[in-house]
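Structure record follows, encoded as structure tokens.
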Amino acid sequence: MFGLDLIAAVGGLIVLPVFDFIKKKFIKGEQDTPEATISTLATTKPETLPAYVAGLVELTRAKIAEFNQDVIGTPSVWVIDLRAAIRPIATALAVGALICDGMAWLELNQGVRYTFEVLAGSWYGSKLTSHK
């Protein structure tokens with residue numbers, strides 16, 4: 001049983017950093033970026049640069065409007081804070097439940113325990129990749 005617990009915890013911890021490493025190392029990023037186009041236009045056709053930037057601004061505004069089409073106005077600060085706190089709170093509760101299970105104060109179902117281990121491990125693993 002302990003082996004599966006270890007696999008779940010370590011798997012949750014290293015899956016995101018390993019995936020991030022593989023993605024950066026072996027999957028080539030898009031070569032045609034707006035920044036690359038701006039750089040090329042600045043050196044080859046500087047007279048078209050203002051029109052390109054204006055078009056890029058309008059495209060970005062359209063993407064933002066489409067993304068926020070279901071949001072009316074600015075959400076309240078408490079809603080923003082609550083949305084930001086959901087994953088850390090779930091991770092803290094998972095770690096607390098795992099500690100209670102380890103101290104025999106609580107008996108977790110095997111599947112629930114594995115889920116909590118992966119949840120806690122993936123949160124800590126995402127923290128490893130977010131610091132560049």
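Here are a few things to note about the model shown:
- Residue tally, condition closer than 23 Å to Ser126 by Cβ and loosely packed, with under 12 Cβ neighbours inside 10 Å, over segment 12-29: 7
- Yes/no for Thr74 being at pLDDT 85 or above, among the polar types (S, T, N, Q) and under 24 Å from the mean Cα position of the chain (by Cα): no
- Residue match in segment 9-17 (condition: without any contact (Cβ under 8 Å) to a residue 60 or more places away in the chain and either under 30 Å from Glu117 (Cβ atoms) or among the charged types (D, E, K, R) (or both)): no
- Sole residue being under 27 Å from Val15 (Cβ atoms) and either in contact with a helix residue (DSSP H, G or I) (Cβ under 7 Å, 6 or more places away or on another chain) or at pLDDT 85 or above (or both), chosen from Leu41, Leu59, Leu49, Leu106: Leu106
- On the stretch given as segment 68-117, residues that are charged (D, E, K, R) and either within 17 Å of Leu6 (Cα to Cα) or in contact with a Pro (Cβ under 6 Å, 6 or more places away or on another chain) (or both) total 3.
- No other residue among Thr40, Thr91 is surrounded by 10 or more Cβ atoms within 10 Å (Cβ to Cβ) and more than 30 Å from Tyr114 (Cα to Cα) apart from Thr40.
The values are calculated or read from the model by the stated rules, or taken from the named source; none is laboratory data. Given the structure is predicted, the values throughout are model-derived calculations rather than measurements. Every residue, glycine as well, gets a Cβ built from its backbone with ideal geometry; the counts of neighbours run over all protein chains shown.
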